[in-house]
Amino acid sequence: MTVRAHRRRLSALAAVVALGFIAASTSTPAWSAPREEKPIIGNDDPKAGSNAAAELMALQAPLVDAAEAISRADKERTGLGGIRLRVKDRAADIYWKGEVPGEVREQIARLESIGYRAEVYEARYSGAELASAQEEILRARDAYPDIVTIAPLVDGSGLRIGFLKGEPKPIEWPVEVEVVDEDRMVFIDRATDTPPFWAGGVARLGGQVCSTGFAVGRQNWFTLTTGILTAEHCARGGGVSVTTGAGRFIGTAEVPSPQTAAFNSDSLFVPTNSAARMFDGAPVGAFSKPVVGWVNNFVGQFVCTSGASTGVHCDVITDLISSTALIQTGPTSFVRVDNLVFGTALGSSTAIAAGSGDSGGPVFTLTADFSKVRAAGLMSIAQFGVPCNVAGLPFCGNRVGFINIGSVLQAQQAFILT
């Protein structure tokens, strides 16, 4: 073995650990398709899409114009408490603290001249006073535990405070407050997936952060069991709880049977409510595509990866199939993984194919119209370290090793949900 080959082998071994940790990044394509002008397609059908709202939009337009003019008349909101539009009533309610200026009266008269009406009501607080109180509460966040939302009431009477479980104890508020029970709010992305679970989301297995693989099913006579796949090296031997990045319970990873273990497929089956979709795009703010089947792997075939940590990377070209890896897990211990496929990200020597936290995530191809995907494998290994474009990631690799999806399905006695 040459010195260079030995270094590459060490990179591969280190990367296996990294893939089951955490990561984030996207690669820059080496090329892009020629730019084309978008086709402009119109539809005069009054019931089509947003055309159906045309009448309501026209009805509210004068109210919106007036509300904008009134807001401009008091940009600092020293008197304006709030404005409520009542479109179907052709009316607006204006809440003001103190003397109402002439510009506001002019807007009211203009509305009345075209068949609308507006009423002015006394506001307890101005918008500026409520904004100041809002910031005061937010600055002292620790004194107000379990707050989920905080917003001014439109009538200027105070603030609306949403708590996870209602107000936990009497609190001294800077203004009048309306307390309401609120549900926890989260951003929708790979880390905060909800049932039915999709491929490419964050999967936490004990202390390991990995990714969810494709949704699969098992048919036993008249009983269908659905689940999601992930990598076994994220929790060797299974039998652990799997949660999303936000801590939501996905399911308990199955303990592989002797028959399953014999395939050395580095895969786990997690029984859960799953669906045939896959996250696409960046780690945060991802969109999704339907999964319509699976495909074999061939040398020279292009695939894409979609891990929860580093997002989607395409232009990954397959150069080895039917591979076996012996991955060192201790001074004298190894784990064998069979039916591995290897691919390298093209474009540059620093292009990313996969990274830390992507283990178990989907490898796929696209249908001809790019709107759907076919499963090709589950990510397991990264090699040849390249810079990650998100701070704190342990490892990103230019090369990815993934388990052929056909082998995984055979090992798990399952089929891809479509």
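The strands (runs of 3 or more DSSP E) falling completely within segment 239-297 that include 3 or more residues that are within 16 Å of the chain's Cα centre (by Cα) map to 274-280, 287-294. Inside segment 298-315, can you point out the residues that are crowded, with 21+ Cβ neighbours inside 10 Å, of a type outside the set (Gly, Ala, Ser) and in a loop (DSSP other than H, G, I, E, B)? Listed by number, the list holds a single entry, Thr310.
Scanning segment 58-112 for residues being assigned to a helix (DSSP H, G or I) and of a type in the set (Ser, Thr, Tyr) gives a total of 1.
Let's see how each residue does on (1) farther than 13 Å from Thr305 by Cα; (2) in contact with a Pro (Cβ under 6 Å, 6 or more places away or on another chain); (3) touching a residue at least 60 places away in the same chain (Cβ under 8 Å); (4) buried (at least 16 other Cβ atoms within 10 Å of the Cβ):
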| residue | (1), (2), (3), (4) |
| --- | --- |
| Asn339 | yes, no, yes, yes |
| Thr344 | no, no, no, yes |
| Gly355 | no, no, yes, yes |
| Phe364 | no, no, yes, yes |
| Ala368 | yes, no, no, no |
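Do we find that Thr244 is in contact with an Asp or Glu (Cβ under 9 Å, 6 or more places away or on another chain), among the hydroxyl-bearing types (Ser, Thr, Tyr), surrounded by 16 or more Cβ atoms within 10 Å (Cβ to Cβ) and without any contact (Cβ under 8 Å) to a residue 60 or more places away in the chain in this structure? In short, yes. Could you check, for segment 141-160, whether at least one of its residues is assigned to a helix (DSSP H, G or I), at pLDDT 75 or above and surrounded by 15 or more Cβ atoms within 10 Å (Cβ to Cβ)? No. Yes or no: segment 227-237 includes at least one residue that is assigned to a loop (DSSP other than H, G, I, E, B), closer than 25 Å to Val312 by Cα and free of Cβ contacts under 8 Å to residues at least 40 places away in the same chain. Yes, because at least one residue in segment 227-237 is assigned to a loop (DSSP other than H, G, I, E, B), closer than 25 Å to Val312 by Cα and free of Cβ contacts under 8 Å to residues at least 40 places away in the same chain.
Within the set Gln208, Gln219, the sole residue that is under 23 Å from Ser407 (Cβ atoms), out of contact with any helix residue (DSSP H, G or I) (no Cβ under 7 Å at 6 or more places or on another chain) and at pLDDT below 90 turns out to be Gln219. Flag: Ala375 matches the condition of being touching a helix residue (DSSP H, G or I) at 6+ places or on another chain (Cβ under 6 Å), small (Gly, Ala, Ser) and at pLDDT 80 or above. Could you tell me whether any residue of segment 261-281 is over 30 Å from Ile327 (Cα atoms) and open to solvent by 30 Å² or more (accessible area, probe 1.4 Å)? Within segment 261-281, one or more residues are over 30 Å from Ile327 (Cα atoms) and open to solvent by 30 Å² or more (accessible area, probe 1.4 Å). Test Arg204 against the criterion of being crowded, with 16+ Cβ neighbours inside 10 Å, under 30 Å from Ile161 (Cα atoms), within 25 Å of the chain's Cα centre (by Cα) and basic (Lys, Arg), and give yes or no. Judged against the criteria, Arg204 is not a match. Filtering segment 370-408 to residues that are open to solvent by 50 Å² or more (accessible area, probe 1.4 Å) and either touching an Asp or Glu at 6+ places or on another chain (Cβ under 8 Å) or of a type in the set (Lys, Arg) (or both) leaves Lys372, Arg374.
The values are calculated or read from the model by the stated rules, or taken from the named source; none is laboratory data. In this text, all values refer to a predicted model and were calculated from it rather than measured experimentally. FYI the Cβ positions are ideal-geometry reconstructions off the backbone, even for glycines, and counts take in every protein chain you see. Accessible surface areas use protein heavy atoms only, side chains included; no ligands, DNA or RNA. Shrake-Rupley method; radii C 1.70, N 1.55, O 1.52, S 1.80 Å.
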